[in-house]
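Everything on this sheet refers to the single structure shown next.
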Amino acid sequence: MKQIPLQAEVKATKKLTVSSLTKTRKRSDYFWAYLMIAPTMLGLFIFYLWPIIQTFYFSFTEWGAFGQYEWTGLDNYKRMLEDTNLLQSFKNTGIYIIFTVPIGIFLSILVAVLLNQKIKGKSVYRTLYFLPVITMPAAIAMVWKWLFNADYGLLNYLLSLIGIKGPHWVSDPKIALYSIIVVAIWSGIGYNMVIFLSGLQGIPKMYYEAAEIDGAGSIKVFFKITLPLLSPVIFFVSIMSLIGAFQVFDLIFMMIGKSSTALESTQSIVYLFYQHAFVLNDKGYAAAIAVLLLIVILIITAIQMVLQKKWVHYD
Amino acid sequence: MMKKWLIMLLTVVLGLLGLAGCSDSKASSDAKDGKAEITYGFWDKKQVPAIEEIIKLFNEKYPNIKVKTEITPYGQYFQKLETAATGGALPDVLWMNGAHVVQYAEGKVILPLSDMAKKDNYSLDNYPKSLIDLYTVDGKVYGIPKDYDTTGLWYNKKIFDDAGVSYPDDTWDWNKLKEVAKQLTNKEKGIWGYAALMGNQGGYYDFIWQNGGHIISEDGKSVGFDQPEAIEALKYNISFIKEGLSPTQAQMTETAASELFSSGKVAMMFDGPWMVPEYMKNPDLNVAVVPKGKKRAVAIHGLSNVIAANTKHKDAAWKLVQFLGSKEAADIYAKTGTVIPAYNGTQDAWKDAVPNLNLQAFIDGAEYSVPLPSVKNTGEIWQYETDILKKAWSEEVSVEDAVKELTKKANEALKK
């Protein structure tokens, strides 16, 4: 959603600069411009760019206790090729993404469209859907952990009323990942819903009026007008949720115990990174995992950028 | 326009304040009047009341030293320390356990205390020798012991009474434990006879020693998990789960065994004296000595207070550590029943503080106790134990396969 006005602005300023302003603009103007953005650039460099460069460097090192490290070249990357845990964590993260991103986007659009109608008490519903977003992830995880508890949880109690013996939601290796996916979708709907809502309200009324005059039904209107005009927003949300899903950590950390039998089948790439960096104190290998993750996200985002030309409509 | 000026003014003022703040703290650290603010890092929130009382007493003696406490849950404690130590930001005084002391001493992030103790005539003979040895690295003492702990067999009297079984005593052995666990398990009421916890101290370590096995060989080069004695001990442990006498590994990760026990769902379990403040609230609970296997054995371990090498207030930190190891502090620990104080001669006061529990069981344990092994990479080995043995506990892999993998990984860690 943010991208559309931004791109429009960029185009507008480009036109201006190209036409007349470049010639008249003095050097000193540029000096002031750079000076003004310097504080932000400095912050960006120190807190974002520098750590990335350092991580890249550390991925070629091996760490001992308390910050001593030595250069080991490509050893960490060679080790990755044989690491079954890493493979498993990529698989877990993949499953997590395949379920949370499409289902999450689908449900958020559905909720946004429903709450965009003229219905009674819609602000109450909007608030309810947004509540998980402003709740701390730790609190969400704790409450769901209790709901999911196999012996004393609410979920299995309700199931027992209709005679079903519920499974071990968060400690059965086959189910635990899906339990986490449910919580992730539940807690992500609100945020995406707000973005979609604003996207929906940005669609000019005249299109709907024209469609109405032409006698289009509501389903046709949705697929022919709403969805295409919402596509830039969908694109934005899908990129953001994909990157977010690649970096899933907190829910798994909070809901799956360290000695849980389901840890291997749920641990994500970032969880494995955390395990190596802070538990096993193997910071060099952890940095290599982080670099690999960065590259994978970069590639997938690039693919999305190329594909978007086929389905995203900017007016 | 007004607003802009206001913001600029604020920025300048705040900036100056920040600078002033820096210089201020520096001045106080150099001050000679002994005024200092130091931090004390630890993990157990059950000990907060006792520690607050000790600090109050400490401040009566040294009103100029302000002590700030910093609690980090045990699960994250050593991860946080590791990062803090790398950045030179450790709390001035902190808790240390036997598993990590070698690593921290060799990494030079904690200070040796022997010289300071000698200079101040601070006697180290007031503590059990095994505990001083635990915190001695390369001939230098790094920690002043604060407490020690062994393991006892906690049990729920009510469940025993309902089933008409007599309470555990010092005649019990492995067979008896199993037999009673069978009698007490009641599927209908949701009661398990025993909780076969997957933990090393007060868990499989104790069983392995009782069966005549060892954890780390005497030369410190290999582990003994793949020895027949160890395999048999692990199998005995897991058999409780297999036979339905204990909650499964999955159940115990979802609901902590200690919670199941204190709410009357588990009849017996091994646990340490650190649970006394919690369990003494429930009048149904009591404790006995752990049953014997081929011989009697139980793990002993104790915590100590150490000083971080990055401290700016070495003198103040040393004063606090001395006080935390003093008889006054031990008396407060004893009086409140929090832990078994390490200071010789104060243990009886601890026992008397909670007369309705048979705390003598823990003190008796010290006689035939085995120190918790401590090498440079203990932390790493513990991590492998959790990762690998949990698969045996959940019956995903056989005990034989699990110990094979564990022994391989642990032996590699020992070589580092």
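Some notes on this structure:
- Peptide-level mean, for A:254-263, of C-beta atoms on other protein chains within 10 Å: 5
- For region A:75-311, a Kirkwood radius taken over Cα pairs fed into Stokes-Einstein (25 °C, viscosity 0.890 mPa s) yields D = 122 µm²/s.
- A:Met36 accessible area, assembled protein chains, probe 1.4 Å, Å²: 130 Å²
- For the pair region A:207-223 / region A:53-132, the C-alpha centres are spaced 38 Å from each other.
- Potential extension, B:Asp120-B:Lys221 segment - 0.36 nm per residue separation minus Cα distance: 32.5 nm
- For A:Leu280, solvent-accessible area (1.4 Å; no DNA, RNA or ligand), Å²: 40 Å²
- Label-to-label distance, nm, for residues given as B:Lys140 and A:Ile95 (7 Å Cα→Cβ offset): 5.1 nm
- In this assembly, the B-A interface accounts for approximately 2300 Å² of buried accessible surface in total, computed with a 1.4 Å probe and without ligands, DNA or RNA.
- Estimated inter-spin distance, A:Phe130 and B:Lys408, nm [label 7 Å along Cα→Cβ]: 5.5 nm
- Reference-scaled alpha-carbon Rg (2.2 N^0.38 Å with N residues) for the protein assembly as shown: 1.15
- Antiparallel content of DSSP bridges confined to the protein assembly as shown, in %, to 5: 65 percent
- Across region B:344-361, coupling constants 3J(HN,Hα) worked out from phi with the 6.51/-1.76/1.60 Karplus curve, θ = phi - 60°, read 3, x, 9, 5, 5, 4, 5, 4, 6, 5, 10, x, 7, 10, 7, 5, 4, 3 Hz, and Gly and Pro carry x.
- Å³ per residue enclosed by the Cα convex hull of chain B: 188 Å³
- Using 0.36 nm per residue and subtracting the Cα-Cα separation, the extra length available between A:Ile243 and A:Leu158 on full extension is 27.1 nm.
- Calculated FRET efficiency for the pair A:Leu44/A:Ala138, C-beta based, R₀ 25 Å, to 0.05: 0.30
- Largest GNM mean-square fluctuation among A:Pro51, A:Pro204, A:Pro39, using chain A with Cα springs under 10 Å: A:Pro39.
- Region A:240-280 versus region B:270-320: alpha-carbon centroid distance in Å: 31 Å
- In terms of its C-alpha gyration tensor, region B:299-393 comes out oblate, because a/c is 1.5 or above while a/b does not outweigh b/c.
- Distance between modelled label sites at B:Lys294 and B:Glu53, nm, 7 Å Cα→Cβ extension: 4.5 nm
- Surface exposure of region A:222-315, expressed per residue as accessible area with a 1.4 Å probe, stands at 41 Å².
- Of the whole protein surface, B:His313 contributes about 30 Å² of accessible area at a 1.4 Å probe radius.
- Counts of other chain beta carbons within 10 angstrom of each beta carbon in peptide B:380-391 average 3.
- Restricting attention to chain B, close to 60% of DSSP beta bridges with both partner residues there are antiparallel.
- In plain terms, the chain from B:Ile363 to B:Ala89 could stretch by 94.9 nm, reckoned as 0.36 nm per residue minus the Cα-Cα distance.
- Highest-fluctuation residue, B:Asp92, B:Asp284, B:Asp138 considered, GNM on chain B with Cα pairs under 10 Å: B:Asp138
- Which listed pairs, of B:Lys187/B:Lys391; A:Lys165/B:Lys176; B:Lys281/B:Lys312, have C-alpha distances above 30 Å, in listed order: A:Lys165/B:Lys176; B:Lys281/B:Lys312
- Listed residues B:Phe78, B:Phe207 arranged by accessible area, highest first, probe 1.4 Å: B:Phe78, B:Phe207
- Paramagnetic label zone (point 7 Å from Cα along Cα-to-C-beta, B:Ser130; backbone N under 17 Å) in region B:295-317: B:295-304
The values are calculated or read from the model by the stated rules, or taken from the named source; none is laboratory data. Remember, predicted model here, so these are calculated numbers, not experimental data. No Cβ is skipped: glycine too gets one built from the backbone with ideal geometry, and neighbour counts run over all protein chains shown. The accessibility values were calculated without ligands, DNA or RNA, using every heavy atom of the protein model including side chains. Shrake-Rupley method; radii C 1.70, N 1.55, O 1.52, S 1.80 Å.
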